[in-house]
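To start, the structure itself, in structure tokens.
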Amino acid sequence: MAKDLQNFAEDAALLTAYANGDPDAARDLAHRIVPRILGYATRILGDRAEAEDIAQEVMLRLWRAAPTWRAGEAQVSTWAYRVAVNLCTDRLRAKKRRRSDALDDVAEPEDGRIAAVDCMIEADRHAALTRALADLPDRQRQAVVLRHIEGLANPEIAAILQVGVEAVESLIARGKRALTAALAARRTELGYEEA
Amino acid sequence: MNNLDDLLAQQAAIAAQPMPVPDALMARILADAARVQPRPQPFAVRAPAPAKLTFWQAMSDMFGGAGVLAGLATVACAGIYLGAVQPAALTSVTLALAGSSAVDQLDFMPSIDSLLAEE
């Protein structure tokens, strides 16, 4: 917790330095924020190129917000996640409008680290989870990913999604129920032994 | 479901490792940052306050320059001199031009009595 607070303060200090014309602050702040946003967008969209666009757009908005940034009102990382969530939501809606064959369009994870999993069945399981996540309603997927994969606390997720903490808990619970059902339907295929 | 929790935990462990950011993406982001970064404002140099004008400088400016002011002063002095001294030569010229009638006999502002008398 103390480390989180320190990180938040460092992010805010770097953003202030950037706004004051420090040429190195942008690089330092980008190295702190971009990997997280890129990872989140990749997991939500399942498309690395689109995720890179999202990360670039989030950072551009952050640079533009820097001169009027008021430290203490929002945490930089929370703000960045919130923008990323909104941009991902827009992309997903646009995708859904275009998409005719939903399941076939869900990309396998392009993250090489997942593909490099030695055991093929583990790779299948992660692919199944990715696909099940992709089938969740947008808000549920975002809540589950932020909570269980990004590891954020519920109050921070509530700030990002701009809902109450109870609503976050509800979204996560419903999302996990849907994921459980989706994986249970492929239980044998994924190599899980029957209980 | 433990299987789900296990899978999510494994994904979280993967996510905890920093995702490599392609150099090209970072270059684009930093180019954006440089493009929109506010430029430090140099200290504003305040223009020196205009020197306070003296009375004669102010008068000179008002009348269009020292030469014009000197001319006006000369003419004013000449007028006062002529009015006070009334040199004989100038008086004879005035009488010759105005004839015998004295200037003070001219009625530049006639009263309205004559107009009222017509009724």
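Only one residue in A:D104, A:D53, A:D47 is of a type in the set (D, E) and either at pLDDT 90 or above or in contact with a strand residue (DSSP E or B) (Cβ under 7 Å, 6 or more places away or on another chain) (or both), so which one is that?
That would be A:D53, the only listed residue that is of a type in the set (D, E) and either at pLDDT 90 or above or in contact with a strand residue (DSSP E or B) (Cβ under 7 Å, 6 or more places away or on another chain) (or both).
For (1) in contact with an Asp or Glu (Cβ under 9 Å, 6 or more places away or on another chain); (2) away from chain B (no Cβ under 14 Å); (3) surrounded by 23 or more Cβ atoms within 10 Å (Cβ to Cβ); (4) not in a helix (DSSP H, G or I), each residue gets a yes or a no:
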| residue | (1), (2), (3), (4) |
| --- | --- |
| A:R36 | yes, no, no, no |
| A:G39 | yes, no, yes, no |
| A:R43 | yes, no, yes, no |
| A:I54 | no, no, yes, no |
| A:V58 | no, no, yes, no |
| A:R82 | no, yes, no, no |
| A:T89 | yes, yes, no, no |
| A:A94 | no, yes, no, no |
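Kindly state which helices (runs of 4 or more DSSP H) lie completely within the stretch A:122-187 and contain at least 2 residues that are under 13 Å from the mean Cα position of the chain (by Cα).
Numbers: elements: A:138-144, A:154-161, A:165-184.
The helices (runs of 4 or more DSSP H) meeting that bar are A:138-144, A:154-161.
Those residues that are surrounded by 11 or more Cβ atoms within 10 Å (Cβ to Cβ) and either among the basic types (K, R) or touching a Gly at 6+ places or on another chain (Cβ under 9 Å) (or both), I need them from the stretch B:21-41; list them, please.
Hits for the stretch B:21-41 are B:R28, B:Q37, B:P38.
Quickly run through the stretch B:1-39 and pick out the residues that are touching a helix residue (DSSP H, G or I) at 6+ places or on another chain (Cβ under 7 Å) and of a type in the set (D, E).
Correct list: B:D32 only.
Show me the helices (runs of 4 or more DSSP H) found entirely inside the stretch B:1-115 where at least 2 residues are within 14 Å of chain A (Cβ to nearest Cβ) and modelled with pLDDT of 80 or more.
Those helices (runs of 4 or more DSSP H) span B:2-16, B:23-36.
The values are calculated or read from the model by the stated rules, or taken from the named source; none is laboratory data. Keep in mind that what you see is a predicted model, and the values were worked out from it rather than measured. We place every Cβ from the backbone using ideal geometry, glycine too, and count neighbours over all the protein chains shown.
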